[in-house]
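The values are calculated or read from the model by the stated rules, or taken from the named source; none is laboratory data. All values reported here derive from a predicted model rather than from experimental measurement. Don't worry about glycine lacking a Cβ; one is built from the backbone with ideal geometry, like all the others, and counts go over all protein chains shown. Just the protein is used for accessible areas: all its heavy atoms, side chains included, with ligands, DNA and RNA removed. Shrake-Rupley method; radii C 1.70, N 1.55, O 1.52, S 1.80 Å.
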Amino acid sequence: MIRAIVLAAGKGKRMKSRRTKVLHEICGRPMLWYVLEALRGGGIHEIVVVVNDELAARIGEFEVPGVLQSERLGTGHAVRVALEHLEPRSGGRIVIACGDMPLVTAELFASMAGVLDDEAGSAMALVTAKMPLPSSFGRVVRRGSAVERIVEVSDATPAELAIDEMNTGIYAFREEELRDVVARLNADNAQGEYYLTDAVASFADAGKPVRAVPACDHLDVLGINDRTELAQARKEMNARLCAHYMRDGVTIVDPGTTYVEPELEIGADSVIYPNTTITRLSRLGRDCVIGPNSRLSNVRLGERVTVRESVVSDAAIGDGVTIGPFAHLRGEAHLADGVHVGNFVEIKKSSLARGVKVGHLAYLGDATVGEDSNIGAGTITCNFDGEQKNETVVGRDVLIGSNTSLVAPVEVGDGALTGAGSVVTKDVPAGERVAGNPARPLPKKNA
Ligand code: UD1
Ligand code: MG
């Protein structure tokens with residue numbers, strides 16, 4: 001079985017960040033997450049990650065073991081530390097990848113599995129890529145067609161810097177050869193680090209062939225070293241994710257301004273308009289219309305839901321619901337089928353039953369509203385008494401008049417009505433009509 005070592009302990013000085021480089025996110029996931037996904041997708045499941053202290057504390061999230069490299073002495077040293085923790089296996093193969101290349105594909109790793117089983121009996125294989133110059137990548141120096149060595153930018157001559165074939169930092173090794181070469185690395189170079197890349201010259205000098213495997217696309221192997229490369233990778237990843245959802249039948253009007261994440265579910269025939277962000281495992285049914293200018297985060301949407309120019313987070317929404325423009329739903333908002341939430345409405349931790357309408361300028365917090373009730377413009381639940389949040393319960397078929405203040409805790413019974421401007425401080429029985437400040441029962445119609 002092939003095993004993998006992922007190098008991720010580097011501080012990432014060029015990021016100018018307090019955070020470890022591979023924890024920087026693109027499209028809602030740390031860079032390291034993508035590399036691990038690609039390895040697993042390529043059939044490599046036995047993985048160890050070389051970590052620093054910060055990453056050690058978070059490695060559990062990635063469901064993979066970490067090996068602590070307490071001193072960052074270079075990629076060669078990182079591999080040495082990892083090998084000390086890996087049980088030796090005779091005839092084993094080890095793939096090495098860096099945690100800072102989130103665009104790497106499962107196909108590339110799948111192709112590494114059998115790459116050393118060639119007739120030449122290569123000791124190692126490395127993935128190379130033609131890249132635009134200038135570049136921070138190590139250069140592949142060849143003699144004739146054979147790979148002779150890798151030279152790092154800080155050690156390279158001007159002639160070597162003109163080489164446009166790069167070391168991507170992805171390798172496969174015969175395990176015995178790797179253990180042997182890593183034990184012999186030295187730090188005699190411009191950065192004073194143990195370079196894993198020196199393995200290439202070591203094998204070549206000993207007459208052991210080093211196999212170069214060209215990468216299909218240089219973007220797949222882009223190593224992120226600074227914030228400009230981070231932005232470049234995010235853009236490319238977002239384009240790939242949008243393409244994935246479009247292939248599943250979703251219309252994305254402008255992928256350039258639609259921001260998505262992996263592992264979303266978006267039903268076919270849904271349409272996403274520009275400037276829209278969908279995050280945190282959101283699940284959308286079929287035929288939804290989202291955007292423009294909207295943000296959905298951790299939402300469950302039924303079918304035929306419309307969300308225009310609105311922000312919806314941590315919400316569960318039924319079929320045929322219309323939201324917006326300019327609505328804000330958050331913190332456990334539950335909307336049953338056919339609910340309408342209109343402009344300038346905020347809904348927090350509230351449950352709206354089937355057919356409820358909250359058309360304009362309202363705030364419902366900690367509220368439950370029964371079927372087919374209509375909440376008038378300007379209605380608010382006064383849910384906070386300065387110390388705690390209190391609940392409002394509105395029954396079914398209730399008409400809450402414009403500008404009603406529902407002073408919680410309070411309950412308005414089924415079929416009741418509040419007049420415009422009511423300040424409801426006491427429970428309203430079913431069928432009662434109240435108005436005023438404080439709201440009092442109105443005379444019965446035929447009294
Ligand atoms: C490395 C390669 C370079 C290649 C490039 C591809 C070496 C010496 N150079 O350079 O040839 O073109 O990757 O992206 O290997 N890391 C550790 N411990 C350390 C140092 C680094 O775990 O002590 C990890 C980093 O977290 C990172 C990876 O190794 O994920 C690569 O390190 P980085 O400093 O980015 O190396 P490059 O200069 O990019
Ligand atoms: Mg790098």
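Some points to look at:
- Counting DSSP beta bridges with both ends in the chain, the antiparallel % (nearest 5): 20 percent
- Within a Gaussian network of the chain (alpha carbon springs, distance under 10 Å), most fluctuating of ALA57, ALA82, ALA129: ALA57
- Rolled with a 1.4 Å probe across the full set of protein chains, the surface gives ASP414 an accessible area near 80 Å².
- Long-range HN-HN contacts of VAL428 with modeled amide H, under 5 Å: GLU411, VAL412, GLY413
- Between ALA199, THR425, PRO255, the Cα set farthest toward the positive side of the dipole of the chain (charges on each charged residue's Cβ, about the Cα centre) is that of THR425.
- Paired Rg and Dmax values of the stretch 374-447, which use every Cα atom, in angstrom: 11.5, 43
- Heavy-atom accessible surface of ARG283, to the nearest 10 Å², is about 100 Å², with a 1.4 Å probe and all protein chains retained.
- Global geometry of the stretch 90-165, whether rounded, prolate or oblate, following the gyration tensor of its Cα atoms and the 1.5 cut on a/c: oblate
- Semi-axis lengths, Å, the chain, gyration tensor of Cα atoms, sqrt of 5 times eigenvalues: 62, 20, 17
- Between PRO409, PRO102, PRO88, the residue with the greatest mean-square fluctuation in the GNM of the chain (Cα pairs under 10 Å linked by springs) is PRO88.
- Taking a ≥ b ≥ c as the square roots of the eigenvalues of the alpha-carbon gyration tensor, the stretch 2-221 is classed rounded because a/c is under 1.5.
- The HN-Hα couplings worked out from phi for the stretch 196-212 by the Karplus form 6.51 cos²θ - 1.76 cosθ + 1.60 (θ = phi - 60°) are 4, 5, 5, 4, 4, 5, 4, 5, 4, 4, 8, x, 9, x, 10, 8, 9 Hz, whole numbers, x standing for Gly and Pro.
- Accessible surface, 1.4 Å probe, highest first, among residues ARG184, ARG139: ARG184, ARG139
- Cα gyration tensor shape of the stretch 227-441, rounded if a/c is under 1.5, else prolate or oblate by comparing a/b with b/c: prolate
- The longest stretch of the chain left intact once loop-based GluC sites (Glu not before Pro) with at most 13 other Cβ atoms within 10 Å are removed from consideration, loops following DSSP, is 120-262.
- For the stretch 2-221, share of DSSP beta bridges that run antiparallel, in % to the nearest 5: 50 percent
- Amide proton proximity set for ARG93, modelled H, under 5 Å, gap of 5+: ARG3, GLU175
- Counting lysine pairs in the chain that sit 8 or more residues apart in sequence, or on different chains, and whose Cα atoms lie under 14 Å apart gives 4.
- Karplus-derived 3J(HN,Hα) values for the stretch 116-122, using 6.51 cos²θ - 1.76 cosθ + 1.60 with θ = phi - 60°, are 8, 8, 7, 5, 5, x, 4 Hz; glycine and proline are entered as x.
- When nucleic acids and ligands are ignored and a 1.4 Å probe is applied, MET237 ends up with an accessible area of around 20 Å².
- Looking at the chain, the accessible area is 45 square angstrom per residue; that uses a 1.4 Å probe and ignores ligands, DNA and RNA.
- Other-chain or far-sequence residues with amide H under 5 Å of ILE170's (modelled H): VAL127
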